[in-house]
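What follows is a set of notes on a single structure, which appears directly below.
The values are calculated or read from the model by the stated rules, or taken from the named source; none is laboratory data. Please read these numbers as outputs of a predicted model, since none were measured by experiment. Note: ideal-geometry Cβ built from the backbone for every residue, glycine included; neighbour counts use all protein chains shown. Please note that ligands, DNA and RNA were not included when accessible areas were found on the heavy atoms of the full protein model with its side chains. Shrake-Rupley method; radii C 1.70, N 1.55, O 1.52, S 1.80 Å.
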Amino acid sequence: RRLLTPAFHYEILKPYVAVYNDCLEVMLEKWAASAAANESVELFDTLSLLSLDIVLQCAFSYQSNCQNVKQRHPYIKAVYDLSDLSIMRFLTPLYHIDWIYALTPSGRQMRKACDLVHSHSENVIKERRRTLGLDSERSKREPEGTEALLKKVTKHRKYLDFLDILLTTVDEEGVGLSDMEIRDEADTFMFEGHDTTTSGMAWTLYCLAKHPEHQEKVREEVRSV
C-alpha cells in the first residue's frame, strides 16, 4: 500500500479529468442519438462501458473505444465474462468447491477468460517496461519522486497512469514490484474499480430521478463550479 501512495498524488490525478470528460462526451452523444430516435436507454450498460473506458485509459493508457465498437475486443469480452461468471459462482453453493467448479463448463470458461486477461496485462506490462527504459523486474534502482516520474513518462504521453506508478515505484532498498505483482494489482484495480463505480453511478442517477428537488440542487452546484 505504501508503494501505491504516489498513484493518488494530486498532480497525477489532475490530468485524468480530461480523460473523464472525453469518455463522458462519447456516452452523452450516444444518449442524445437515442433520445432523438425516441429510444429508451439501458443506463447500467452504458455506464458500465463508460467506467470501463475510463479505467482502461487511466490504468493502462489503453484506448479500447469500447463505448462505440459493436464487436467487443476479446479482452473487453473476457472482463465482462469474468464479472458474470463470478456472480454465478457466488450464487451456486456447489460451485464454491474448487475442484467441482473446475470441471463445469462455467469453470472452464472462467479459466479461459482469466488466461486471456492475464496474458493481455502481461504483454502490456512488458511493452511499457521497454517504453520506460526500465531494467528487468526486481532490479534495484534509486527511488524517484513524483516530479521525476512525471517528467520521464510525459515524454511519451500526456499523463502518468496507474501502470507507470506500479512499474517505477520502489521501496527504501530500491526494489520494485515483480511483473506478476504488478499484473495482480492492475487487474484488481480495474475489476474492482469499474464494476463498483458503475453501480454507484447507476444508483445515484436513479435517486436523482426519484427526487427532482435534489436533482435541481445538484444541477445548481455544478453550474456554480
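Being at positive phi and either modelled with pLDDT under 70 or surrounded by fewer than 12 Cβ atoms within 10 Å (Cβ to Cβ) (or both) narrows it down to one of Gly133, Gly145, so name that one.
Values: Gly145 fails: at positive phi.
Criteria check complete, one pass: Gly133.
Can you confirm whether Tyr75 is of a type in the set (Ser, Thr, Tyr), in contact (Cβ under 8 Å) with a residue 12 or more places away in the chain and farther than 24 Å from Leu160 by Cβ? Even if it seems obvious, please write down each step before you answer.
Numbers: of a type in the set (Ser, Thr, Tyr): yes; in contact (Cβ under 8 Å) with a residue 12 or more places away in the chain: yes; farther than 24 Å from Leu160 by Cβ: no.
Answer is no for this residue.
For Thr169, all conditions in the list (1) more than 20 Å from Val19 (Cβ to Cβ); (2) at pLDDT below 65 hold save one; what is the number of the exception?
(2)
Quick check on segment 177-222: of everything there that is open to solvent by 60 Å² or more (accessible area, probe 1.4 Å) and among the hydroxyl-bearing types (Ser, Thr, Tyr), which residue is modelled with the lowest pLDDT?
Here is the first cut: in segment 177-222, the ones open to solvent by 60 Å² or more (accessible area, probe 1.4 Å) are 180-181, 184-185, 188-189, 192, 195-197, 203-207, 209-222.
After this cut, where a residue has to be among the hydroxyl-bearing types (Ser, Thr, Tyr) as well, the list is 188, 196-197, 204, 206.
On the way: Thr188: 83, Thr196: 86, Thr197: 89, Thr204: 93, Tyr206: 93.
Ranking the qualifying residues of segment 177-222, first place goes to Thr188.
Collect the residues in segment 31-50 that are more than 17 Å from Thr204 (Cα to Cα) and either part of a loop (DSSP other than H, G, I, E, B) or touching a Phe, Trp or Tyr at 6+ places or on another chain (Cβ under 6 Å) (or both), keeping them in residue-number order.
Ala37, Asn38, Glu39, Ser40
Name the residue that is nearest to Leu43 (Cα to Cα), counting only residues in segment 163-214 that are acidic (Asp, Glu) and part of a loop (DSSP other than H, G, I, E, B). Step through it out loud before you land on a result.
Pass one, segment 163-214, residues acidic (Asp, Glu): 164, 171-173, 179, 181, 184-185, 187, 192, 195, 213.
When the remaining residues are screened for being part of a loop (DSSP other than H, G, I, E, B), the result is 171-173.
Working: Asp171: 43, Glu172: 46, Glu173: 48 Å.
So, considering only residues that are acidic (Asp, Glu) and part of a loop (DSSP other than H, G, I, E, B), the one nearest to Leu43 (Cα to Cα) is Asp171.
Among the listed residues Leu94, Leu47, Leu82, identify the single one that is over 22 Å from Leu208 (Cα atoms) and touching a residue at least 60 places away in the same chain (Cβ under 8 Å).
Working: Leu94 fails: touching a residue at least 60 places away in the same chain (Cβ under 8 Å); Leu47 fails: over 22 Å from Leu208 (Cα atoms).
Testing whether each residue is over 22 Å from Leu208 (Cα atoms) and touching a residue at least 60 places away in the same chain (Cβ under 8 Å) leaves just Leu82.
Only one of these conditions is not met by His96: (1) surrounded by 13 or more Cβ atoms within 10 Å (Cβ to Cβ); (2) within 22 Å of Ala113 (Cβ to Cβ); (3) not hydrophobic (A, V, I, L, M, F, W, C). Which number is it?
Unmet for His96, out of (1) surrounded by 13 or more Cβ atoms within 10 Å (Cβ to Cβ); (2) within 22 Å of Ala113 (Cβ to Cβ); (3) not hydrophobic (A, V, I, L, M, F, W, C): (1).
Give me the pairs: first residue in segment 1-25 and over 16 Å from Phe189 (Cα atoms) and assigned to a helix (DSSP H, G or I), second residue modelled with pLDDT of 90 or more and among the basic types (Lys, Arg), beta-carbon distance under 8 Å, and six or more apart or on different chains, which are they?
none
Can you tell me how many residues within segment 31-52 are small (Gly, Ala, Ser), touching a helix residue (DSSP H, G or I) at 6+ places or on another chain (Cβ under 8 Å) and surrounded by fewer than 19 Cβ atoms within 10 Å (Cβ to Cβ)? Let's see the steps before the verdict.
First, the residues of segment 31-52 that are small (Gly, Ala, Ser): 32-37, 40, 48, 51.
Subset that is touching a helix residue (DSSP H, G or I) at 6+ places or on another chain (Cβ under 8 Å): 40, 48, 51.
When the remaining residues are screened for being surrounded by fewer than 19 Cβ atoms within 10 Å (Cβ to Cβ), the result is 40.
Adding up the residues that qualify gives 1.
Could you tell me which of the residues Val124, Val55 is over 23 Å from Asn21 (Cα atoms) and open to solvent by less than 40 Å² (accessible area, probe 1.4 Å)?
Working: Val55 fails: over 23 Å from Asn21 (Cα atoms).
Unique residue meeting the criteria: Val124.
Given the options Leu85, Leu28, name the one that is modelled with pLDDT of 90 or more, surrounded by fewer than 14 Cβ atoms within 10 Å (Cβ to Cβ) and either among the small types (Gly, Ala, Ser) or outside any loop (DSSP other than H, G, I, E, B) (or both). Before the answer, list the steps.
On the way: Leu85 fails: surrounded by fewer than 14 Cβ atoms within 10 Å (Cβ to Cβ).
Answer to the selection: Leu28.
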